[in-house]
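Visitor: If you scroll down you'll find the structure; I have some questions about it.
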Amino acid sequence: MADSSMRPTVLHPDHSSHSNLSSSRASTSPRDQVRRLVWKMAVATLILMAIGSATRVMNAGLACPDWPLCYGTLFPGQQMNLQVFLEWFHRLDAALIGVMAIVLVGLSWWHRQSLPRWTPWAASLALGLIVFQGVLGGLTVTELLRFDIVTAHLGTALLFFSTLLVMGVLLLPYQATGSVGKLPWLSLTAAILVYLQSLSGGLVGSQWALHQCLMVSQLCSVMNAHLLGVLPASLSTLAVIIVAWRTPALSAALRRLTHAAGLLLLAQVILGVATFRLHLQVELLTVSHQAVGAALLGTLICFTVFSLRDRHQAALLEA
């Protein structure tokens with residue numbers, strides 16, 4: 001008889017393939033699918049707001065005189081120029097996000113047993129906001145860029161963006177350290193002030209307020225309000241950054257967001273000063289200023305949700 005120790009070792013691929021299959025299933029769980037879709041929508045929304053800013057700054061808001069089509073067609077090839085392209089692409093991006101929102105609602109309700117209870121309701125809220133956003137987008141054209149509608153259009157976009165970020169952060173895994181202290185309320189305050197400042201900036205752009213204010217001593221009320229709003233928004237954000245830096249044992253996620261907020265705040269101040277000094281004459285500066293403002297708001301929203309989760313998890317552990 002042959003020695004059993006000399007028998008060749010037989011590899012069983014079934015065990016390996018079973019493990020890979022299990023890990024593949026785990027990576028494509030309903031929670032992961034919804035989370036990935038939410039973050040893709042958030043990135044697309046940030047791009048959409050930047051394109052909307054470019055459309056407004058370059059006087060392209062009425063480049064397509066009708067709505068929802070553009071010159072009565074889905075693709076206005078004969079009328080295409082830079083302004084028409086900006087307005088047409090802005091609408092295209094918005095339509096794609098709307099389709100993604102419908103998919104998000106469908107996924108959330110279909111897999112509601114595998115998701116946190118709030119998920120389908122939050123997805124439905126996001127869909128409602130994007131539908132309202134579409135209505136406002138149509139009104140901006142039919143009402144010939146009325147400044148209050150344009151500002152409401154921006155405000156709704158920021159709310160939709162914030163809703164997606166809240167969902168995305170809540171669906172991420174997180175390990176609490178229990179050291180956030182008052183940071184959740186500081187960051188929430190900063191986020192609200194930055195949101196209001198973003199609306200003020202949108203109002204300045206839609207009314208071309210800077211062009212009406214040639215000297216600091218002759219500032220119109222809209223531009224004056226925006227300049228005054230810089231101080232509380234910046235100081236509150238700076239307070240979050242300083243307190244976070246001084247807080248020991250802060251989680252890695254909150255540390256990264258703190259660094260991001262610091263860089264974005266610095267960039268926003270520099271862009272704001274440059275935009276003011278150049279009287280909105282450099283379109284790229286103006287668009288960058290508004291896009292960085294939206295990114296700063298998003299960073300503060302993520303910081304707030306993470307820190308609230310940290311506080312909540314720490315309280316549960318103590319209980």
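Visitor: Scanning for something buried (at least 22 other Cβ atoms within 10 Å of the Cβ) and either touching a Ser or Thr at 6+ places or on another chain (Cβ under 7 Å) or among the acidic types (Asp, Glu) (or both), does the stretch 96-113 turn up at least one residue? Write out each step before concluding.
Guide: Of all residues in the stretch 96-113, those buried (at least 22 other Cβ atoms within 10 Å of the Cβ) come to 97, 101, 104, 108.
Checking the rest, the ones that are also either touching a Ser or Thr at 6+ places or on another chain (Cβ under 7 Å) or among the acidic types (Asp, Glu) (or both) come to 97, 108.
Looking for residues that are buried (at least 22 other Cβ atoms within 10 Å of the Cβ) and either touching a Ser or Thr at 6+ places or on another chain (Cβ under 7 Å) or among the acidic types (Asp, Glu) (or both), one finds at least one in the stretch 96-113, hence yes.
Visitor: Can you say whether VAL166 is crowded, with 24+ Cβ neighbours inside 10 Å, under 20 Å from the mean Cα position of the chain (by Cα) and under 15 Å from PHE303 (Cα atoms), as far as the supplied structure shows? Break it down into steps so the answer makes sense when it comes.
Guide: Numbers: crowded, with 24+ Cβ neighbours inside 10 Å: no; under 20 Å from the mean Cα position of the chain (by Cα): yes; under 15 Å from PHE303 (Cα atoms): yes.
Criteria not met by VAL166.
Visitor: Let me ask something additional. Return yes or no: is LEU136 within 22 Å of the chain's Cα centre (by Cα), modelled with pLDDT under 95, farther than 22 Å from ALA295 by Cα and in a helix (DSSP H, G or I)? Show your work before the answer.
Guide: Numbers: within 22 Å of the chain's Cα centre (by Cα): yes; modelled with pLDDT under 95: yes; farther than 22 Å from ALA295 by Cα: yes; in a helix (DSSP H, G or I): yes.
Here the answer is yes, as LEU136 does meet what is asked.
Visitor: Something else now. Before we move on, is GLN290 under 22 Å from ALA42 (Cβ atoms) and open to solvent by 40 Å² or more (accessible area, probe 1.4 Å)?
Guide: Numbers: under 22 Å from ALA42 (Cβ atoms): yes; open to solvent by 40 Å² or more (accessible area, probe 1.4 Å): yes.
It is true that GLN290 is under 22 Å from ALA42 (Cβ atoms) and open to solvent by 40 Å² or more (accessible area, probe 1.4 Å).
Visitor: Could you check, for the stretch 59-74, whether at least one of its residues is touching a residue at least 40 places away in the same chain (Cβ under 8 Å), assigned to a loop (DSSP other than H, G, I, E, B) and among the aliphatic types (A, V, I, L, M)? Walk me through how you get there before you give the answer.
Guide: From the stretch 59-74, those touching a residue at least 40 places away in the same chain (Cβ under 8 Å) are 61-62, 64-68; that's our starting set.
If we keep only those that are assigned to a loop (DSSP other than H, G, I, E, B) too, we end up with 61-62, 64-68.
Then drop every residue that is not among the aliphatic types (A, V, I, L, M), which leaves 62.
Yes, the stretch 59-74 has at least one match.
Visitor: Among the residues of the stretch 234-259, which ones are of a type outside the set (Ser, Thr, Tyr), in a helix (DSSP H, G or I) and buried (at least 18 other Cβ atoms within 10 Å of the Cβ)?
Guide: Step one: list which residues in the stretch 234-259 are of a type outside the set (Ser, Thr, Tyr), which gives 235, 238-246, 248-250, 252-257, 259.
Adding the requirement that they be in a helix (DSSP H, G or I) leaves 235, 238-246, 252-257, 259.
Within the stretch 234-259, VAL240, ILE241, ALA244, ALA253, LEU254, LEU257 meet the criteria.
Visitor: Could you tell me which residue of the stretch 275-287 is farthest from ARG56 (Cα to Cα), considering only residues that are in a helix (DSSP H, G or I) and open to solvent by less than 30 Å² (accessible area, probe 1.4 Å)? Spell out the reasoning first.
Guide: Quick first cut of the stretch 275-287, residues in a helix (DSSP H, G or I) only: 275-277, 283-287.
From what's left, open to solvent by less than 30 Å² (accessible area, probe 1.4 Å): 275, 286-287.
Details: THR275: 15, THR286: 10, VAL287: 9 Å.
Checked the stretch 275-287; the qualifying residue farthest from ARG56 (Cα to Cα) is THR275.
Visitor: So, one more: Please work out which residue is most open to solvent (accessible area, probe 1.4 Å), limiting yourself to the stretch 38-58 and to residues that are modelled with pLDDT under 85 and part of a helix (DSSP H, G or I).
Guide: Of all residues in the stretch 38-58, those modelled with pLDDT under 85 come to 56-58.
Filter once more, keeping what is part of a helix (DSSP H, G or I): 56-57.
Details: ARG56: 51, VAL57: 19 Å².
Looking at residues that are modelled with pLDDT under 85 and part of a helix (DSSP H, G or I), I get ARG56.
Visitor: Answer yes if at least one residue in the stretch 116-132 is open to solvent by less than 80 Å² (accessible area, probe 1.4 Å), over 19 Å from GLU87 (Cα atoms) and over 20 Å from the mean Cα position of the chain (by Cα), and no otherwise.
Guide: Just the residues of the stretch 116-132 that are open to solvent by less than 80 Å² (accessible area, probe 1.4 Å), to begin with: 116, 119-120, 122-124, 126-130.
Then drop every residue that is not over 19 Å from GLU87 (Cα atoms), which leaves 116, 119-120, 122-124, 126-129.
Those still in the list that are over 20 Å from the mean Cα position of the chain (by Cα) too: 116.
Within the stretch 116-132, one or more residues are open to solvent by less than 80 Å² (accessible area, probe 1.4 Å), over 19 Å from GLU87 (Cα atoms) and over 20 Å from the mean Cα position of the chain (by Cα).
Visitor: Also, I was wondering about something else. Select from the stretch 236-252 the residues that are modelled with pLDDT of 95 or more, among the aliphatic types (A, V, I, L, M) and in contact with a helix residue (DSSP H, G or I) (Cβ under 9 Å, 6 or more places away or on another chain) and list them in ascending order.
Guide: LEU238, ALA239, VAL240, ILE241, VAL243, ALA244
Visitor: Here are the criteria: (1) at pLDDT 90 or above; (2) over 19 Å from VAL169 (Cα atoms). Tell me which single one LEU21 does not satisfy.
Guide: Going through (1) at pLDDT 90 or above; (2) over 19 Å from VAL169 (Cα atoms) one by one, LEU21 breaks only (1).
Visitor: Going by what's in this entry, would LEU158 be described as under 17 Å from the mean Cα position of the chain (by Cα) and either within 30 Å of ALA253 (Cα to Cα) or in contact (Cβ under 8 Å) with a residue 24 or more places away in the chain (or both)? If you could, list the steps in order and put the result at the bottom.
Guide: Working: under 17 Å from the mean Cα position of the chain (by Cα): yes; either within 30 Å of ALA253 (Cα to Cα) or in contact (Cβ under 8 Å) with a residue 24 or more places away in the chain (or both): yes.
It is true that LEU158 is under 17 Å from the mean Cα position of the chain (by Cα) and either within 30 Å of ALA253 (Cα to Cα) or in contact (Cβ under 8 Å) with a residue 24 or more places away in the chain (or both).
The values are calculated or read from the model by the stated rules, or taken from the named source; none is laboratory data. Note that this is a predicted model, so its numbers are computed, not measured. Using ideal geometry, Cβ is built from the backbone for each residue, glycine included, and neighbour counts are taken over all protein chains shown. Ligands, DNA and RNA are stripped out before the accessible areas are found, and what is left, the full protein with its side chains, is counted by its heavy atoms. Shrake-Rupley method; radii C 1.70, N 1.55, O 1.52, S 1.80 Å.
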